[in-house]
Structure formats: structure tokens, C-alpha cells
Amino acid sequence: MTAYLSLEIRRALRDRRYMGLVVGWPVASYLLFSTVFAATANRAEGLDPHVEIMVAMAAFGAIGAALLATGPRLAAERQLGWVRQLRLTPLSPQRALLARVMAALVLTLPAICLTFATAAVVKGVSLPAWEWPAMVALLLAGALPFAALGTVIGNVAEGDATGITMVCYLVLAALGGLWMPAKILPEPLRTVAHSLPSNRLAELGWRTAAGAAPTMSAVLVLGAWLAVVGTVALAVARRVRM
């Protein structure tokens with residue numbers, strides 16, 4: 001499995017279109033939003049707007065990296081027959097799925113770290129030293145449900161899965177309060193936002209940046225999404241016809 005994991009990571013890193021999208025988009029979004037909304041009031045956990053937006057865009061990048069590293073790639077490989085050939089090897093569907101998810105998590109790191117670096121260098125964001133690695137670790141772990149969701153999309157989509165993956169990505173970002181504070185949404189949409197893993201992923205970073213521990217509700221929501229989507233991903237990986 002280690003060799004397959006390494007192969008998946010190397011292939012993604014060589015894909016300039018993928019890397020440009022999952023790294024360039026959140027960084028550019030951070031620069032835009034932090035400039036436009038720099039004078040607004042604090043929006044989350046009493047944070048400076050530059051910090052709040054930095055975390056939101058790092059979460060946005062992590063979600064995109066996890067989804068796009070799995071969904072479109074897996075669907076394309078199914079069309080090419082690569083997954084069928086893979087099943088002829090000793091690597092079980094479960095281990096192949098685990099390797100894909102692990103590779104997707106590794107691939108979230110450039111988006112997270114470069115967004116943080118841009119905020120620190122360009123906007124002068126400064127936080128206690130321990131908060132940077134803590135935020136990276138929490139955003140990395142919190143991206144698990146999105147990597148699992150990507151494998152579901154890749155295994156059930158017919159043809160190119162980029163479109164449906166992007167729709168899921170943008171809906172999760174918009175309704176999850178990554179582009180605007182969830183608290184300014186109407187009450188029904190605010191309830192939806194707090195039930196989405198995208199909002200809770202960003203909350204992990206916001207709480208850490210504020211020097212606080214993650215809330216139990218955030219952990220439970222992310223855990224529930226991971227349990228449900230992970231179960232579906234395993235079932236689909238076993239039963240889908242390649």
C-alpha cells in the first residue's frame with residue numbers, strides 16, 4: 001500500500017492544473033477577501049478579520065484539495081480501466097481506498113500551508129508559534145470526510161466527475177460560511193451551515209487561532225460526517241463495477 005500511496009501523491013504533485021487550482025484559488029481568494037473586508041468587524045471567535053479569513057480560505061483549500069484529489073481522478077481511472085487492473089493485484093479495495101484518502105490528506109498540506117504563509121508574509125498575520133502547527137494538524141484531520149466524499153463521487157459518477165465535484169465543493173463552501181460569516185445568514189441557513197463539515201472544519205482553525213480548544217459540537221459533527229460518508233465509501237468501493 002505504501003508504494004501505491006507514494007504513486008498517488010507523486011501523480012497529483014506533477015499535475016500542474018490540479019496544483020494550480022487547489023493552491024492558487026484559496027491563496028487568491030484570501031488576498032481578495034482580506035483586502036476587501038479588512039476594515040470589517042471581527043467575524044469569528046473575536047479574531048482579526050485577516051486571521052478569520054486566512055483560516056476560512058485554508059479550510060476552503062483543504063476541502064478542494066481533498067475532493068479534487070479523489071473524485072475526478074478516480075472517475076477517470078475507472079473509465080480508463082486502471083482501477084480494474086488494480087483489482088488484479090494483492091491490494092484490496094479497502095486498502096486502495098485508504099491509500100487514496102491518505103494521499104488526499106497529504107495533498108491538502110500545500111493549500112493550507114501556502115495560505116498561511118501568504119497571510120503571514122503579505123498581510124503580516126502573527127500568531128503564537130504553537131498555533132500554526134496546531135491549525136495545520138486540525139485542518140488536515142478535519143479534511144477526512146471530504147476525502148471520503150470524493151471517493152464516493154469518483155466511484156458513482158459516470159464519465160467526467162469534475163463538474164459534480166466542483167458543485168459539491170462550492171455548495172459546501174458557500175453554505176458552510178467560508179465566504180461570508182454564517183451568523184449573517186437567515187436562521188434556517190445558519191442551522192444548515194452549523195451542520196455542515198465545511199463550517200466545522202473552519203471552526204477548528206478559528207478556535208485554535210483564538211487560543212481555545214475545539215468545541216465538542218464541531219468534533220461530533222465532523223465525526224458523524226466521517227462515519228456516514230466513510231461507511232458509504234467502503235460500501236461503494238466493494239460493490240461498484242469497474
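The values are calculated or read from the model by the stated rules, or taken from the named source; none is laboratory data. What you are looking at is a predicted structure, and each value in this text was computed from that prediction instead of being measured. Backbone-built Cβ (ideal geometry, glycine too); neighbour counts: all protein chains shown.
When the residues of segment 14-54 are filtered to those that are surrounded by 18 or more Cβ atoms within 10 Å (Cβ to Cβ), assigned to a helix (DSSP H, G or I) and small (Gly, Ala, Ser), the one that is modelled with the highest pLDDT is Ser29. Under the condition of being in a helix (DSSP H, G or I), more than 17 Å from Ala62 (Cβ to Cβ) and in contact (Cβ under 8 Å) with a residue 24 or more places away in the chain, the residues counted in segment 184-229 number 2. What single numbered condition from (1) surrounded by fewer than 17 Cβ atoms within 10 Å (Cβ to Cβ); (2) out of contact with any Leu (no Cβ under 8 Å at 6 or more places or on another chain); (3) on the phi < 0 side of the Ramachandran plot fails to hold for Leu189? Single failed check for Leu189: (2). Looking across segment 114-163, just one residue is charged (D, E, K, R) and modelled with pLDDT of 95 or more, and that is Glu131. Restricting Leu138, Leu97, Leu105 to residues that are within 30 Å of Val36 (Cβ to Cβ) and part of a helix (DSSP H, G or I) narrows the list to Leu138. Pairs linking a residue in segment 108-123 that is surrounded by 24 or more Cβ atoms within 10 Å (Cβ to Cβ) to a residue that is among the β-branched types (Val, Ile, Thr), with Cβ atoms under 7 Å and 6 or more positions apart or on different chains, are Ala111/Val22; Ala111/Val23; Ile112/Val136; Thr115/Val27; Ala119/Val125. For beta carbons closer than 7 Å, sequence separation of 6+ or different chains, a first residue in segment 11-38 that is within 17 Å of Leu105 (Cα to Cα) and a second that is assigned to a helix (DSSP H, G or I) and among the hydroxyl-bearing types (Ser, Thr, Tyr), the qualifying pairs are Ala12/Tyr18; Pro26/Thr115.
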